[in-house]
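Here the structure comes first, spelled out in structure tokens, and everything after it is commentary.
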Amino acid sequence: MGVRRVTVWLALASGLASGLASVLVGIPTAGAETSGAAAARWGPTHRFEQNTLGESFVQDGRGVTTVVWGSQAGWPKPVKAQQQTAQGRWRDPVELGEGHSPVVAADSAGNLVAAWIRDEQGRTASVWSARKPYGRAWSAPVRLSSDREVTGYPDGVSNYGAVDLQVAVRDGGAALVAWRWGSLEREVPFRVQAAFRPPRRAWQPARTLSRGAQDVRQVRADLGPAGVWVAWSQEQRRGPERVLVRDRRRGGTWSAATRVGTGDLGALALTAPGEVVVVFRQAGTVRSVVKPRGRRWRTPVDVTAPGVRARGWSAAVNSRGQALVSYLVGPHTVEAVRRGPRGRWGMAESLGQTGERRIAETLAAINGAGAAVVGWHNYYGVWARHRAPRASWGPTTTPHRDRGQVDVLESVRLGISPGGRPGLLWAQEERPLRLRYQLTLGR
């Protein structure tokens, strides 16, 4: 089985009141693994189904964890969701609709939006969504995409339609879902599409935001005080990829695309002060560019030092404008750079020389208070280091050990709760989907 693209869950809302400490009340710690240092310990592992078709998780401001996954248990193959209460009890899973590759996001009040992809006979792969207001049941799914009729599809050979979903929500009910649409096998260039839901209203028709015959490579989406924004990187006939952005204006129109950088896209975030922050990598150098509220885009600045060719990189930005970039230097060195609330990037910090098999990539997450976590994996084991606000990095921990097995990790999602506790959701060949949180952080 092939290795799927590893992605990151990030808690975006700032000032979220409930910490993971409340989630852990009543959860037994017997058998919890201690790794790296006795004072830094990961909790019990919760197991879901095996052979999942995409997965995502989020913890909201009320301390409730929600996990969604594509299931092969049933026909048509359903998307399922399961929640852990703030008291640590797991509710029964529920089915949201038919499909796979789900994503989920939550606002600070615990309202949820999930989106997923559905393969339909005679149509391109479509995008569907369901909502769950806090304390209520999931809504019926609705179609977000405008799909084409294609005779004989799905054909078991090609992928045609929506891929790489991104979802963002904002307090008050606004939601945004963006995705890439096209087909590699059928030589249909990938483009960016997005659907927006205003507060207390229905989803508006999906819009195609990119232009040209060149493929879109990455897409990110966010909404906040600065509005509704989508960013993507797009190939050019000549030269490197361009990083482009568009925002939705009042009345439902979208701005013209603006080029803000060159290279591959890592993160897009809208901050509470009204900034728009984009992080990208140009020729091995990670860079960031900012648009202050009501002003033009500033000149991009380097995040990594001259001469450093970052690979396996990841970027995360919270709603206060604090940011975290992690990356690899060579096959075994993990480094991180942080951006403070005043908008200045610091110096690179080495998180250690790893002696494991060649590291594949890093994962970065930061919550609204500035608590951060960096993880890395080699497709067999996962390691992580946590940093509390105004503290130094904690010890290296091992939420999933490399035991020399041959069953590779198919997906790794790392997050950090509003209360500052790292969480890991991972899928592995021939194993159930698993989730665990770090119980004690250590220093």
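Structure data summary
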| read-out | value |
| --- | --- |
| Unique residue being among the aromatic types (Phe, Trp, Tyr), under 22 Å from residue 425 (Cβ atoms) and surrounded by fewer than 17 Cβ atoms within 10 Å (Cβ to Cβ) when the list is 138, 116 | 138 |
| Some residue of the range 251-259 being loosely packed, with under 14 Cβ neighbours inside 10 Å, of a type in the set (Ser, Thr, Tyr), at pLDDT below 95 and assigned to a loop (DSSP other than H, G, I, E, B) | yes |
| When residues of the range 262-275 are limited to those that are assigned to a strand (DSSP E or B) and buried (at least 24 other Cβ atoms within 10 Å of the Cβ), the one farthest from the chain's Cα centre (by Cα) | 270 |
| Matching residues, the range 316-340, being touching a residue at least 40 places away in the same chain (Cβ under 8 Å) and either in contact with a helix residue (DSSP H, G or I) (Cβ under 8 Å, 6 or more places away or on another chain) or farther than 16 Å from residue 350 by Cα (or both) | 316, 317, 318, 319, 320, 321, 322, 323 |
| Filter result (assigned to a strand (DSSP E or B) and either modelled with pLDDT under 95 or on the phi < 0 side of the Ramachandran plot (or both)) within the range 297-321 | 301, 302, 311, 313, 314, 315, 316, 317 |
| Some residue of the range 322-338 being within 26 Å of residue 397 (Cα to Cα) and surrounded by fewer than 14 Cβ atoms within 10 Å (Cβ to Cβ) | yes |
| Index of the failed condition, residue 423 passing every other in (1) in a loop (DSSP other than H, G, I, E, B); (2) modelled with pLDDT of 95 or more | (1) |
| Count of the range 365-384 residues which are closer than 17 Å to residue 323 by Cα and buried (at least 24 other Cβ atoms within 10 Å of the Cβ) | 8 |
| Residue that is farthest from residue 161 (Cα to Cα), among those in the range 182-207 that are of a type in the set (Gly, Ala, Ser) and not in a strand (DSSP E or B) | 202 |
| Of all residues making up the range 25-65, the number that are surrounded by 21 or more Cβ atoms within 10 Å (Cβ to Cβ) and either modelled with pLDDT of 90 or more or closer than 22 Å to residue 134 by Cα (or both) | 14 |
| Any hit, the range 340-363, residues being within 18 Å of the chain's Cα centre (by Cα), in a loop (DSSP other than H, G, I, E, B), more than 30 Å from residue 171 (Cα to Cα) and modelled with pLDDT under 95 | yes |
| Output for the range 224-246, where each listed residue is modelled with pLDDT of 95 or more and within 25 Å of residue 126 (Cα to Cα) | 228, 229, 230, 231, 232, 233, 234, 244, 245, 246 |
| So residue 299, is it without any contact (Cβ under 8 Å) to a residue 24 or more places away in the chain, over 26 Å from residue 402 (Cβ atoms), surrounded by fewer than 16 Cβ atoms within 10 Å (Cβ to Cβ) and not charged (D, E, K, R) | yes |
| Selection count, the range 183-229, where residues are over 16 Å from residue 245 (Cα atoms), surrounded by 18 or more Cβ atoms within 10 Å (Cβ to Cβ), touching a strand residue (DSSP E or B) at 6+ places or on another chain (Cβ under 6 Å) and not hydrophobic (A, V, I, L, M, F, W, C) | 1 |
| Filter pass, residue 139 being more than 25 Å from residue 416 (Cβ to Cβ), part of a loop (DSSP other than H, G, I, E, B) and either touching a residue at least 40 places away in the same chain (Cβ under 8 Å) or in contact with a helix residue (DSSP H, G or I) (Cβ under 8 Å, 6 or more places away or on another chain) (or both) | no |
| In the range 396-420, the residues that are part of a strand (DSSP E or B) and within 15 Å of residue 52 (Cα to Cα) | 409, 410, 411, 412, 413 |
| Pick from the range 185-212, criterion farther than 23 Å from residue 113 by Cα and hydrophobic (A, V, I, L, M, F, W, C), ranking: farthest from the chain's Cα centre (by Cα) | 188 |
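The values are calculated or read from the model by the stated rules, or taken from the named source; none is laboratory data. If you're wondering where the values come from, they're calculated on a predicted model, not measured in any experiment. Every residue, glycine as well, gets a Cβ built from its backbone with ideal geometry; the counts of neighbours run over all protein chains shown.
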